[in-house]
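Quick notes on the structure that follows.
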Amino acid sequence: MEKTCLCCGRGFNPHPAVRHQRYCADPECQRTRKNNWQKERLAGDPDYRANQAEAQRQWCSRNKGYWREYRRRNPAYTETNRIRQRERNRRRRSGGGIAKMDELKGKTVIRSGRYRLVPLGNPGIAKMDELIVEIGVISGGCPFGAEGS
């Protein structure tokens, strides 16, 4: 039974021992399959991610200076990387797409404790009418605005 390769779209006959084969035997398709598998594994398996990071650290400690030498031998790569980094920096500075828009969801914004409330009207006399208040955080299950509570 012929299947269609997810990478190249060509038809192929799966190997009988590989039940759910979705990629043909072409080396480029197999490289894509492996890269996709690794991305999924890194995203969903913290142990795998930690092992990969440790292996990378060990490799770097055994091959000190590799990347410096690589950049020296490949100036086109270095220049392309500089251009891409400038673009990432520009996007970050311009605020294009706020990455942490919902950073505070599910987190307590104000902690219980004593706070000084100061009117902001005239900075010269800020402490003239200050109030000392105690704020207690109510658990998320409290029905705000409920009548008769």
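For segment 30-66, the residues whose amide N sits under 18 Å from a probe point set 7 Å from the Cα of Leu6 along the beta carbon direction are 30-45. For the pair Thr78 and Asn13, the difference between a 0.36 nm per residue extended length and the Cα-Cα distance amounts to 19.2 nm. Determine the shape class of segment 3-94: with a ≥ b ≥ c the square roots of the Cα gyration tensor eigenvalues, call it rounded for a/c under 1.5, and otherwise prolate if a/b is greater than b/c, oblate otherwise. Since a/c reaches 1.5 and a/b is larger than b/c, the shape of segment 3-94 is classed as prolate. Site pair Lys34 and Glu134 shows an inter-label distance of 6.5 nm when each label is modelled 7 Å from Cα along Cα→Cβ. Sequentially through segment 74-91, phi angles give Karplus couplings (6.51, -1.76, 1.60; θ = phi - 60°) of 10, x, 5, 4, 4, 5, 4, 4, 4, 4, 5, 5, 4, 5, 4, 5, 4, 4 Hz, Gly and Pro residues having no value and appearing as x.
Positive-end ranking of Gln52, Gly9, Tyr23 along the dipole of segment 1-54, with charges on Cβ about the Cα centre, is headed by Gly9.
The 3J(HN,Hα) values that the Karplus relation (6.51, -1.76, 1.60; θ = phi - 60°) gives for segment 44-61 are, in residue order, x, 10, x, 5, 4, 4, 5, 5, 5, 5, 5, 4, 5, 4, 5, 4, 5, 5 Hz. Gly and Pro appear as x. Note on His15, His20: ascending count of other Cβ atoms within 10 Å places them as His20, His15, the fewest first.
The numbers here are math on the coordinates, done by the rules we state, and not lab data. The shown structure was predicted, so the numbers you read here are calculated from the model rather than taken from an experiment. All Cβ positions, even for glycine, are placed from backbone atoms using ideal geometry, and neighbour counts span all protein chains on display.
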